């Protein structure tokens with residue numbers, strides 16, 4: 001069933017009786033070519049590109065809860081391609097290009113809105129760093145513009161420009177960045193994968209792997225054993241728990257990151273702004289709520305909720321940047337579990353076990369990576385070779401000394 | 001707000017502390033020549049879902065490092081002792097070296 005304007009009109013005139021579920025709810029088969037563990041954005045995108053690009057359709061996505069109930073439904077919906085390092089930027093640029101064509105590609109309204117991201121700078125050193133990063137972005141085919149204070153003032157006159165401690169001296173503007181309707185990404189990929197024959201199996205938890213002679217033969221689940229030629233883990237915050245069942249110990253810690261939405265306001269903020277002097281970033285959703293976030297809670301956590309000191313810290317960051325929001329009331333806050341890797345960069349790699357693959361370590365940057373993560377993971381699963389923009393995302397990079405540490409803070413997962 | 005019972009100062013708010021790191025990893029002996037034990041020590045973690053021993057620094061208080069038991073799923077707080085007194089489990093890192 002294709003969605004179109006004509007279809008909406010037809011359904012409106014016939015009492016909306018023609019709509020059907022967007023995906024099936026099948027029981028698992030005995031075995032598949034590929035079993036993907038985790039029905040989040042990345043897992044569903046992987047299944048979609050496996051079936052669409054590589055024509056591998058005997059695929060199951062196994063999800064312990066409901067699809068899109070994890071971080072793809074818990075993030076602040078920002079997409080961007082503004083990384084510095086060679087191991088990262090080509091990957092995120094591919095991701096942004098996929099975002100740009102996504103809705104036409106999977107025939108689903110994901111509300112991709114390239115409203116621009118502005119990273120503010122407050123010191124001369126930050127301006128130098130922004131210029132360097134902007135040049136790296138341009139060299140990798142992305143876009144960047146360095147604005148001075150007047151340039152920023154023309155866009156957002158209500159910011160706190162003349163703060164004595166953190167005056168705004170300019171910003172790095174990435175016009176192609178923006179926001180996306182996050183739930184629709186999961187639904188669109190799920191529908192596209194399901195249409196091509198992928199089984200999406202919800203409420204089915206993986207309890208173990210069947211590994212014989214160094215080869216993974218399938219997964220034990222709460223719905224019984226499911227055989228697979230290839231098993232692909234893709235479970236974000238639960239990565240350590242799942243891979244532990246295969247005897248692996250990962251360079252990952254799980255941390256909680258909180259996000260917040262205010263009451264609905266009239267349009268005030270038409271892009272995404274990040275504060276350079278504290279950890280605070282903000283956009284306005286199409287419903288009018290300010291969507292924003294800040295730091296991790298800093299300690300390891302699997303609780304999908306955070307603590308009040310960080311709430312206060314994020315609000316202080318917001319007040320320092322946009323004093324006008326002082327009387328805005330907060331509507332909701334929530335937490336998601338981030339698989340924080342030791343250098344702040346992800347993994348898309350084979351494991352030492354034949355037929356077992358790992359995708360994870362996305363820290364709090366997983367959402368923007370969703371299309372490219374699925375694209376590159378599908379490429380790896382189909383060809384057994386890493387995609388050319390994901391060659392750096394290896395599990396053994398700490399052993400070989402090829403860390404991809406954007407922030408340069410070393411093996412401290414809570415600081416990335 | 002997590003409340004941590006510092007052995008020196010008593011019950012204090014988490015905002016007085018800075019999180020250090022996982023206290024279950026031990027440094028290999030300094031004459032260790034293998035690469036993997038050091039990789040395990042610096043980079044690889046158990047990352048448990050449940051009780052976890054970890055270093056915190058009472059930086060706004062007595063400035064002592066403590067080892068705190070905390071549940072990563074419920075945020076429940078367990079035993080807290082000075083790091084210098086803590087008996088830590090044998091190093092995962094040295095086991096993995098074999």
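Points to keep in mind about this one:
- Selection count where residues are within 11 Å of chain B (Cβ to nearest Cβ) and surrounded by fewer than 18 Cβ atoms within 10 Å (Cβ to Cβ), scope the stretch A:222-241: 1
- Just one of the listed residues (A:255, A:279) is buried (at least 24 other Cβ atoms within 10 Å of the Cβ) and under 21 Å from residue A:76 (Cβ atoms), namely A:255.
- Assessment of the stretch A:340-347 against the conditions (touching a residue at least 24 places away in the same chain (Cβ under 8 Å) and away from chain B (no Cβ under 14 Å)) yields at least one matching residue.
- Here residue A:295 meets the list (1) outside any helix (DSSP H, G or I); (2) within 14 Å of chain B (Cβ to nearest Cβ); (3) in contact with a strand residue (DSSP E or B) (Cβ under 6 Å, 6 or more places away or on another chain) almost entirely, failing just condition (3).
- Candidates in the stretch B:10-28 are the residues that are in contact with a helix residue (DSSP H, G or I) (Cβ under 8 Å, 6 or more places away or on another chain) and under 24 Å from residue A:399 (Cβ atoms); of these, the one that is modelled with the lowest pLDDT is B:26.
- In the stretch A:121-141 there is at least one residue that is touching a helix residue (DSSP H, G or I) at 6+ places or on another chain (Cβ under 7 Å) and in a loop (DSSP other than H, G, I, E, B).
- For the stretch A:192-271, the strands (runs of 3 or more DSSP E) that sit wholly inside it and include 3 or more residues that are touching a strand residue (DSSP E or B) at 6+ places or on another chain (Cβ under 7 Å) and within 30 Å of residue A:155 (Cβ to Cβ) are A:252-264.
- Evaluation of residue A:329 against the conditions (1) free of Cβ contacts under 8 Å to residues at least 24 places away in the same chain; (2) surrounded by fewer than 22 Cβ atoms within 10 Å (Cβ to Cβ) shows that the sole unmet condition is (1).
- Here residue A:83 passes the criteria (1) part of a loop (DSSP other than H, G, I, E, B); (2) surrounded by fewer than 22 Cβ atoms within 10 Å (Cβ to Cβ) except the one numbered (2).
- Of the residues examined, residue A:46 is one that is touching a strand residue (DSSP E or B) at 6+ places or on another chain (Cβ under 8 Å), surrounded by 24 or more Cβ atoms within 10 Å (Cβ to Cβ) and either over 15 Å from residue A:367 (Cα atoms) or touching a residue at least 24 places away in the same chain (Cβ under 8 Å) (or both).
- Residue satisfying condition, being touching a helix residue (DSSP H, G or I) at 6+ places or on another chain (Cβ under 7 Å) and closer than 30 Å to residue B:47 by Cβ, within set A:276, A:318, A:294: A:294
- Condition check for residue A:416: under 20 Å from residue A:89 (Cβ atoms), touching a strand residue (DSSP E or B) at 6+ places or on another chain (Cβ under 9 Å) and at pLDDT 95 or above: no
- Meets criteria (surrounded by fewer than 18 Cβ atoms within 10 Å (Cβ to Cβ) and in a helix (DSSP H, G or I)) for residue A:164: no
- Complete set of residues in the stretch A:172-209 that are touching a residue at least 60 places away in the same chain (Cβ under 8 Å) and over 30 Å from residue A:2 (Cβ atoms): A:172, A:174, A:175, A:205, A:206, A:209
- Single residue of the stretch A:299-316 satisfying the filter (buried (at least 22 other Cβ atoms within 10 Å of the Cβ) and either at the interface with chain B (Cβ under 9 Å from one of its Cβ atoms) or part of a loop (DSSP other than H, G, I, E, B) (or both)) that is modelled with the lowest pLDDT: A:306
- Among the conditions (1) in a loop (DSSP other than H, G, I, E, B); (2) without any contact (Cβ under 8 Å) to a residue 60 or more places away in the chain, the only one that residue A:26 does not satisfy is (2).
- Failed item, numbered, when residue A:120 is tested on (1) out of contact with any strand residue (DSSP E or B) (no Cβ under 7 Å at 6 or more places or on another chain); (2) crowded, with 19+ Cβ neighbours inside 10 Å: (1)
- The selection criterion, being surrounded by fewer than 24 Cβ atoms within 10 Å (Cβ to Cβ), more than 14 Å from every other protein chain (Cβ to nearest Cβ), in contact with a strand residue (DSSP E or B) (Cβ under 7 Å, 6 or more places away or on another chain) and more than 19 Å from residue A:279 (Cα to Cα), does not hold for residue A:385.
- Test: residue in the stretch A:242-259 that is away from every other protein chain (no Cβ under 14 Å) and either modelled with pLDDT under 95 or under 24 Å from the mean Cα position of the chain (by Cα) (or both): yes
- Test: residue in the stretch A:374-388 that is without any contact (Cβ under 8 Å) to a residue 40 or more places away in the chain and at positive phi: yes
The values are calculated or read from the model by the stated rules, or taken from the named source; none is laboratory data. Predicted, not measured: the structure shown is a model, and the values here were computed from it. So basically every Cβ, Gly included, is an ideal-geometry build from the backbone, and we count neighbours across all protein chains shown.
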